[in-house]
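In what follows, a structure is listed as structure tokens, so that the remarks can point back to it.
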Amino acid sequence: MRIASVGTAFPPYRIAQTEFTEKLRNYWGSKLPEPRLLTRLHANCGVEFRNFVLPLESYPGLVGFKATNDVWIANGVELGQTCICRALAPLGLTAADVSAFFFATVTGIASPTVDARLINRMPFPARVKRTPIFGLGCVAGAAGIARASDYVRAFPDQIALLLSVELCSLTWQDNDQSIANLISCGLFGDGAAAVLITGDDVALPASEVAPGPSILATRSTFYRNTEYVMGWDIGDGGFTIVLSPDVPKVVMENLRGDVETFLAENGLALGDVGSWIFHSGGPKVLEAVEASLELPKDALALSWKSLREVGNLSAASVLMVLAETLENHRGAPGSYSILAAMGPGFCLELVLLQW
């Protein structure tokens, strides 16, 4: 089983971090007890540009959860269709070739879910197996690949699709000037990604696309009693961010041991990993990953690049790093990569790849 392709899509409204911070500071005005704090926090997010699903002047008109969630559904369907087509087309495939559809998000709610709405738009089989995933947050990109690989391991002649749509800008709370929300407003952006995972017995149509890496193994790890670290408080106004400064601490205390154990069970050690495909969680998270694993300075260069160019896209972030890896930084034949993300729970998802 292998990762065959990745397609990505972004909404059209792209803005520099400095411009966004200035506009937000002016908009909030007296709500900010210390305006310079907003500027400092946003400057430290490691983000230079982000894409938003709406122009900035439209966000104040979204009052209440229903208004924002309706925008999330409409735009999520559009972005989802775009990136699915971008994943399928280079391989000479269509939606009719997909047997299982996994959909991951944490920034909106719909029933029927976005995957169901896309089945009505695209020629997916009527018997396609659907697995909507809500609530895993930033870890869901890696977890979705792992669950899709579980599926094609059981059905090696089939193709699974993972779609993640995250429109984080629709979750920001106008009346919340907490440090967590100030950071959230400066860190998270909007985007979508789709990944195709093929079973061992799938023969793809002839194409010029080089085969992606094989998925050798996966590992899920749950850290008990860390619910306070990351997530949402969901109320009448929608999603209120829960973001503890303890996230880097959890990384430092747990990541290395869990990665080493996972690798050892597959006959490998840290030195055998040729590249690291990590979720772009933010500067402090990436620094904690680098320190914990004692990585070379440029080992997470693609994660830092994604953070600078599009911000943290929750579940879609690690898929963006994966897309860049496939496009421009493929491993040498036979080399190993670790794809990983951490998220609400608090939890870790690891995927071992071989090129």
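Brief remarks follow.
- For residue 249, a cut-off of 20 angstrom between C-alpha atoms picks up these aspartates and glutamates, skipping any fewer than 8 places away in its own chain: 227, 258, 260, 287, 290, 294, 349.
- Extended-chain gain in nm, criterion 0.36 nm per residue less alpha-carbon gap, residue 209 and residue 127: 26.7 nm
- Using the Karplus relation 6.51 cos²θ - 1.76 cosθ + 1.60 with θ = phi - 60°, the per-residue 3J(HN,Hα) values for the stretch 46-57 come to x, 10, 10, 9, 8, 9, 10, 6, 10, x, 4, 5 Hz, with x marking Gly and Pro.
- What you get for the stretch 214-354, charging only the Cβ of Lys and Arg (+1) and of Asp and Glu (-1), is a dipole of about 160 debye around the Cα centre.
- Of the DSSP H helices in the chain, those whose Cα atoms cover at least 24 Å axially and whose Kyte score averages -0.5 or more: 65-88, 247-265
- Förster radius 25 Å - calculated FRET efficiency between residue 220 and residue 70 (Cβ-Cβ, nearest 0.05): 0.15
- For residue 101, the residues 5 or more places off, or on other chains, whose built amide H falls under 5 Å of its own are 129, 130, 131, 161.
- Rounded if a/c under 1.5, otherwise prolate or oblate - the chain, Cα gyration tensor axes: oblate
- When each of the peptides 293-301, 133-141 is scored by how many other beta carbons lie within 10 Å of its residues on average, the order from highest to lowest is 133-141, 293-301.
- Packing-based exposure ordering (other Cβ within 10 Å, fewest first) of 99, 214: 214, 99
- Highest average packing first - 148-159, 105-116, Cβ atoms within 10 Å: 105-116, 148-159
- The stretch 337-348 - phi-based ³J(HN,Hα) in whole Hz, Karplus 6.51/-1.76/1.60, Gly and Pro as x: 10, 10, 9, 8, 7, 10, x, x, x, 7, 8, 10
Read-outs: derived from the displayed coordinates by stated rules, not from any lab. Just so we're clear, the structure is a prediction, and the values are computed from it rather than from any experiment. Glycine gets a Cβ as well: all are built from the backbone with ideal geometry, and neighbour counts include every protein chain shown.
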